[in-house]
1. When the residues of the stretch 105-139 are filtered to those that are at pLDDT 95 or above and open to solvent by less than 60 Å² (accessible area, probe 1.4 Å), which remaining residue is farthest from residue 12 (Cα to Cα)?
2. Any residue that is closer than 13 Å to residue 3 by Cα and under 16 Å from the mean Cα position of the chain (by Cα) - is there at least one of those in the stretch 66-76?
3. Under 7 Å by Cβ, and 6 or more places apart or on different chains, what pairs join a residue from the stretch 116-139 that is within 30 Å of residue 96 (Cβ to Cβ) with one that is modelled with pLDDT of 60 or more and surrounded by 10 or more Cβ atoms within 10 Å (Cβ to Cβ)?
4. Identify all residues within the stretch 1-41 that are open to solvent by 30 Å² or more (accessible area, probe 1.4 Å) and either free of Cβ contacts under 8 Å to residues at least 12 places away in the same chain or of a type in the set (Phe, Trp, Tyr) (or both); write none if there are none.
5. So, in the stretch 76-97, how many residues would count as being surrounded by fewer than 18 Cβ atoms within 10 Å (Cβ to Cβ), hydrophobic (A, V, I, L, M, F, W, C) and closer than 22 Å to residue 14 by Cβ?
6. Test residue 61 against the stated conditions and say whether it is open to solvent by 80 Å² or more (accessible area, probe 1.4 Å), touching a residue at least 40 places away in the same chain (Cβ under 8 Å) and under 13 Å from the mean Cα position of the chain (by Cα).
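The values are calculated or read from the model by the stated rules, or taken from the named source; none is laboratory data. The shown structure was predicted, so the numbers you read here are calculated from the model rather than taken from an experiment. Because the Cβ atoms are built from the backbone with ideal geometry, glycine has one as well, and the counts that use them run over all protein chains shown. Surface accessibility is based on the protein's heavy atoms, side chains included, excluding ligands, DNA and RNA. Shrake-Rupley method; radii C 1.70, N 1.55, O 1.52, S 1.80 Å.
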Amino acid sequence: MLKIFLSSHGSMASGMQSSLKILMGECENLTVFDAYLDESCVQDHLDAFYETVGPEDEVLLCSDLYGGSVNQAMFTYLDRPNTRLVSGVNMSFMMNVLSEDTLSDERLDEIIEESREYLRRVEPEVPADTAPTGSDDFF
């Protein structure tokens, strides 16, 4: 089974979990931790999470920011069996990985690439027949 641990600086992780629940229903294989809201630390929550992980389970650790303290704490768990780490996650990424029962490295890389496409600047489209063609068309 794929088990996912999502952590962030502040409430982003639980906010994503709330949105995922609306969009996908209960996500039984998702555990979240909002870091730096109280005295508890990422390592304690990761240790508790790993107590639920069986030898046949795959683990995907997800963090909000590459190089951030949450990501650095998760990095120290990469020596655990069947554990991978992804940073900079977004809703598209989370929805895709939560739809998987197992996750090969190839599929994980595909999901990361697909998720990058959802980060974009959005602008209204201007129909070609109404777009200005010269400087006199501006006014």
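1. 107
2. No.
3. 118/90; 118/92; 119/90
4. Matches in the stretch 1-41: 15, 18, 21, 22, 26, 28, 36, 38, 39, 40.
5. Selection size over the stretch 76-97: 2.
6. The answer is no for residue 61.
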